[in-house]
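One structure below.
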Amino acid sequence: MKDYSQFIGKRISVVSPRWPKERLVGNCTFAGVGFSGDFQVTIDRMPIWPVDPNDIRIIKDKIK
């Protein structure tokens with residue numbers, strides 16, 4: 001099983017599994033297989049599943 005701990009505590013973006021297919025951005029607090037058996041991420045206390053783990057992007061803050 002792949003380790004997704006590199007996303008925890010980072011600002012990430014994922015594509016919404018529901019319509020409209022938009023990119024959701026927030027701070028990640030969980031990334032892994034959830035109770036439903038699907039891959040899930042939690043951003044800003046909102047669980048999102050099913051998510052394609054290859055579609056997770058880390059957002060880097062711009063240096064001012």
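Mind listing the long-range amide H neighbours of Lys10? Cut-off is under 5 Å, sequence gap 5 or more, other chains count too, H placed in the peptide plane at 1.01 Å from N.
Cys28
So how far apart, in nm, are the two label points at Asn54 and Lys10 if each is 7 Å from Cα heading toward Cβ?
Roughly 1.8 nm, to one decimal.
Could you check how much of the accessible area of the chain is carbon and sulfur, as a whole percent, using a 1.4 Å probe?
About 55 percent, which is the carbon plus sulfur part of the accessible surface.
Given the Cα-Cα distance of Arg18 and Asp61 and 0.36 nm per residue of separation, how much length would full extension add, in nm?
12.8 nm
In a shell of Cβ-Cβ distance under 12 Å around Val15, excluding Val15 itself, what net charge do Lys and Arg (+1) and Asp and Glu (-1) give?
+1
Which whole-Hz ³J(HN,Hα) couplings does segment 11-27 yield from phi under the Karplus relation 6.51 cos²θ - 1.76 cosθ + 1.60, θ = phi - 60°, glycine and proline marked x?
After applying 6.51 cos²θ - 1.76 cosθ + 1.60, I find 8, 10, 9, 9, 7, 4, x, 10, 6, x, 6, 10, 8, 9, 10, x, 7 Hz.
For Lys60, go through the lysines and keep the ones whose alpha-carbon is under 19 Å away, minus same-chain ones fewer than eight residues off.
Leaving aside lysines fewer than 8 places away in the same chain, those within reach of Lys60 are Lys10.
When every alpha-carbon pair in the chain is counted, what percent end up more than 19 Å apart?
The share of Cα pairs beyond 19 Å in the chain comes to 24 percent.
The values are calculated or read from the model by the stated rules, or taken from the named source; none is laboratory data. Note that the structure is predicted; figures quoted are calculated from it, not measured. Methodologically, a virtual Cβ is constructed for each residue, glycine included, from the backbone with ideal geometry; neighbour enumeration extends over all protein chains shown. The accessibility values were calculated without ligands, DNA or RNA, using every heavy atom of the protein model including side chains. Shrake-Rupley method; radii C 1.70, N 1.55, O 1.52, S 1.80 Å.
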